[in-house]
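Right, one structure below, let's go through it.
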Amino acid sequence: MRNRAGATDVLLIGAVLMWAFNFPVTKYVLTNGFEPLAYAAVRYGVATALFAALTIAVERSLAIRGAASWRFLGLAVTALLLNQICFVYALELTTAATAALILGTTPVFTVLLSYLIGVERITARTALAAAVSFGGVALVAAGSGGDLSGDLGGNLLAVGMAVTWAGYSVGIAPLMRTYSPYRISAVVLLAMWVPLFAISAPQATSQDYGDLGWGVWLGLGYAIVGPLVLTNVLWFTAVGRVGPSHAAIFANLLPFAAAILAVLFLDESLTAIQVAGGVLIGLGILVVRRRAPVVQATA
């Protein structure tokens with residue numbers, strides 16, 4: 001049993017590191033020629049086709065039944081669509097390290113949104129976690145030296161990324177009691193890509209694909225196969241073996257791993273104030289991590 005848990009931990013660490021590495025990869029791709037929405041449309045179009053085909057091969061069906069299920073799906077699709085818009089523009093406007101640290105507030109927002117829809121209670125513990133985490137966000141933003149046209153906008157979009165990912169988590173949690181995570185993910189991706197492509201069409205059609213270097217295409221390939229396809233297989237396999245509570249320990253490492261990888265691979269820097277903010281966000285995660293639903297991370 002111990003060997004099985006150890007092997008599963010390797011799967012979890014691998015998934016988290018691949019999700020984390022997507023932050024510097026996406027920042028690199030956007031910095032070197034890809035328009036944000038064109039990148040999102042191409043990336044999700046290919047990944048959706050791959051993941052849907054994989055799910056059909058495994059489950060033989062993508063059927064979701066019941067009006068209540070479709071209401072939750074609608075919430076999940078809307079949240080994921082907004083999440084990906086926030087994701088690409090946050091990385092366009094601020095550093096990958098800053099955006100990753102702010103993403104660490106997702107568990108707190110998940111609990112707060114659960115309270116708003118009536119499935120969670122706000123306790124003194126939750127309020128403390130929110131106050132500590134939001135204080136951390138303020139320090140991370142202050143340390144980035146933001147202004148109205150640059151980092152500040154990116155920081156606000158990074159907050160939006162955390163809020164919308166929390167909304168996605170809340171939306172799919174009830175569905176995962178009935179359907180497999182593979183089926184839910186495939187259906188959400190298929191439904192989300194249609195409006196994403198419609199919104200992205202102007203950039204996707206005007207993008208000069210021939211002017212992109214091999215490094216950009218390599219990064220795009222990684223962003224499709226790694227964070228959106230392979231990691232889901234690793235993550236869901238591991239969660240099925242050890243449960244979401246154990247997996248949450250590793251999921252909480254994602255923002256901090258992404259920030260470190262951004263510093264290493266993009267030569268970004270973190271100020272002492274931002275590090276202190278990251279510590280506060282981490283403390284907030286520790287307070288609420290047992291109360292927040294655990295799903296695969298955004299990428």
What about residue 33, is it of a type outside the set (S, T, N, Q), surrounded by fewer than 21 Cβ atoms within 10 Å (Cβ to Cβ), touching a residue at least 40 places away in the same chain (Cβ under 8 Å) and not in a helix (DSSP H, G or I)?
-> yes
Quick one: is residue 218 of a type outside the set (Lys, Arg), closer than 25 Å to residue 29 by Cα, surrounded by fewer than 15 Cβ atoms within 10 Å (Cβ to Cβ) and modelled with pLDDT of 95 or more?
-> yes
Looking at the range 67-90, is at least one residue buried (at least 24 other Cβ atoms within 10 Å of the Cβ), under 18 Å from residue 184 (Cα atoms) and among the small types (Gly, Ala, Ser)?
-> yes
Give me the pairs, please: first residue somewhere in the range 263-286 and surrounded by 15 or more Cβ atoms within 10 Å (Cβ to Cβ), second residue anywhere and at pLDDT 90 or above and β-branched (Val, Ile, Thr), beta-carbon distance under 6 Å, and either six or more positions apart or on two chains.
-> 268/95
Could you please let me know if residue 56 is out of contact with any Pro (no Cβ under 7 Å at 6 or more places or on another chain) and assigned to a loop (DSSP other than H, G, I, E, B)?
-> no
Could you list all residues from the range 89-106 that are among the aliphatic types (A, V, I, L, M) and touching an Asp or Glu at 6+ places or on another chain (Cβ under 9 Å)?
-> 93, 96, 97
Given the structure, is residue 75 of a type outside the set (Ser, Thr, Tyr) and in a loop (DSSP other than H, G, I, E, B)?
-> no
Among (1) surrounded by fewer than 19 Cβ atoms within 10 Å (Cβ to Cβ); (2) within 14 Å of residue 189 (Cβ to Cβ); (3) of a type in the set (D, E, K, R), which single condition is residue 43 missing?
-> (1)
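The values are calculated or read from the model by the stated rules, or taken from the named source; none is laboratory data. Treat the numbers as computed from the prediction; the structure is a model and nothing was measured. Every residue, glycine among them, receives a Cβ derived from its backbone with ideal geometry; neighbour counts consider all protein chains shown.
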